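Working notes, structure below.
Bear in mind that the values in this text are calculations on the coordinates, not laboratory data. All figures in this text were calculated on a predicted structure; none of them were measured in a lab. Using ideal geometry, Cβ is built from the backbone for each residue, glycine included, and neighbour counts are taken over all protein chains shown.
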Amino acid sequence: MDTTDPLDALRTVLDAWKEAVDGHRPEAAAALFTEDAIFQGLHPYTTGRPGIAAYYDAQPAGLTADYRVLETRLPTADLVLGYLAVDFAFTDRPTLHVNLSVLLHRTDQGWAIAHYQVSLLP
């Protein structure tokens, strides 16, 4: 029986993601994703770490991310689905409130984000 706690897996990866985003370290953020991850931020989607690193590199200095886990699911022993509320704060404009869905995949190196989908809700 697998004892994976989906909330623990999600927090481990997303705490590292938040640290990379807050520190404007695009390569560190991209390293948290699988090699072939599907990534949909608020710009056209990309796949793979190079595109993800470029996305985060284009974000303004001072950007920070605060997240709150709303739901988790463990569809299989090697997948964790998370649904989150995220506040992206900027130094020069209002905070952006979004919803984020992520799918984590357990790899030989640990958990990594395989799918990332941001949604703006009215």
Can you show me the helix-derived [θ] at 222 nm for the chain, built from DSSP H runs with n ≥ 4 at -39,500 (n - 2.57) apiece and divided by the number of residues, rounded to the nearest 500. -7500 deg cm²/dmol
Would you mind telling me which residue in ALA61, ALA85, ALA20 has the biggest mean-square fluctuation in a Gaussian network model of the chain, where springs connect alpha carbons within a distance under 10 angstrom? ALA61
Dipole of the chain, positive end: most advanced residue of ALA77, ALA58, HIS105 [Cβ charges, Cα centre]: ALA58
What does the charge dipole of the chain about its Cα centre add up to, to the nearest 20 debye, if the Cβ of each Lys and Arg holds +1 and the Cβ of each Asp and Glu holds -1? 260
So what J values fall out for the range 100-112 if you push phi through Karplus, 6.51 cos²θ - 1.76 cosθ + 1.60 with θ = phi - 60°, rounded to Hz, Gly and Pro as x? 9, 10, 10, 10, 8, 10, 7, 10, 4, 8, x, 6, 9
Helix 6-22: inclination vs the chain longest Cα principal axis, degrees, rounded to 10, gives 20
Largest fluctuation, LEU79, LEU103, LEU70 only, Gaussian network model of the chain with Cα springs under 10 angstrom, belongs to LEU70
Choice from GLN40, GLN109, GLN59 with maximal GNM fluctuation in the chain (Cα, 10 Å cutoff): GLN109
